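Colleague: Okay, handing you the structure first.
Bear in mind that the values in this text are calculations on the coordinates, not laboratory data. Note that the coordinates shown come from a computational prediction; the quantities given were computed from them, not determined experimentally. Positions of Cβ are backbone-derived with ideal geometry, glycine not excepted, and every protein chain shown enters the neighbour counts.
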Amino acid sequence: MSAVTQAATATASTRKKTRLFMVGAFVVAGIAFAIIAASGINENLVYYWTPTDLHGAGEKAFGATIRLGGMVAPGSIVRKGGGSGIEFDVKDAAGVVHVKSNGVPPQMFRENIGVVVEGTMFHGPTGNWFQSNRLMVSHNNEYRAPAKGHPVDKKELEKLMKSMDEGK
């Protein structure tokens, strides 16, 4: 066997090993992707919704982790005994959701302020409510409260939610 033939055989062998390695790597990556997709990655997703979106989702909203954005409805704030809990309504242009939170609200929390609450929807004997485990209020220098009676549209709420998420 000549030196050229040996070199060609070695090169072909190296190429074959490289191809087998690449095919194996793609198979392993495909299996990993399938396992992740099948293991319920949706349970870890957090959806950004307005009250209108939440009502439109129906049963899909119950049990899912959601960030609900809107304005605190005037006259809806009820503080629980001891000051460590609060109930209020979050509204947008067309919908209202009752929210219960066990934590102490931020100092800037008040009526007619933009909020994003993270939690999930629950069924109750007296109606459905949103149980919040995190309450955020808008606090950047760009935010301006809408004029009294101004309907809050979905575009404004999405901008509000994004600005709060960037401030974390």
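Colleague: Given the pairs 91/154; 91/159; 80/159, which span a C-alpha to C-alpha distance of over 21 angstrom in this model?
Modeller: Values: 91/154 11 Å; 91/159 16 Å; 80/159 31 Å.
Over 21 Å Cα-Cα: 80/159.
Colleague: Let me check I've understood the local charge: for residue 95, count other residues with C-beta under 13 angstrom from its C-beta, Lys and Arg +1, Asp and Glu -1. What total comes out?
Modeller: Details: positive: 91, 154; negative: 53, 89, 92, 153.
Local net charge: -2.
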